[in-house]
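Below is one structure; the comments refer to it alone.
The values are calculated or read from the model by the stated rules, or taken from the named source; none is laboratory data. This one's a predicted model, so the numbers in the text were calculated from it and none came from an experiment. Here the Cβ positions follow ideal geometry from the backbone for every residue, glycine too, while neighbour counts run over all protein chains shown.
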Amino acid sequence: MSDGFDLDLRNAEAEMDETAGGDGQAGRVVLGVLDGTTPPEEWIETVVAGNVLLLSVDGDLNELAAPFAADVQEAGGSLMHFRDFLVLAPPGVDVDADRV
């Protein structure tokens with residue numbers, strides 16, 4: 001076998017946590033229901049922390065998303081309505097809708 005590289009997996013988990021912002025919570029896909037019961041700040045914080053939100057819309061989308069949509073966009077995130085869902089992506093994550 002080749003000795004071309006040295007792979008040390010003992011510290012891999014700690015290094016992954018550092019890359020994800022120290023708490024290991026960034027880079028997740030978070031599922032939820034957009035029905036007005038969750039505070040808008042919670043959705044904003046989740047996206048700004050580097051997570052993708054996939055929210056099932058239960059009600060009027062415009063009314064339910066109005067309290068946080070502009071804040072997510074101002075932070076560099078994006079929103080996309082797809083069927084009965086709202087997809088919120090953090091800055092640097094593109095939602096590819098070419099196949100829909």
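Numerical summary
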quantity	calculated
Among (1) at pLDDT 95 or above; (2) in a helix (DSSP H, G or I), the one test that residue 15 misses	(1)
Residue ranges of strands (runs of 3 or more DSSP E) in the range 41-100 with at least 3 members surrounded by fewer than 16 Cβ atoms within 10 Å (Cβ to Cβ)	78-82
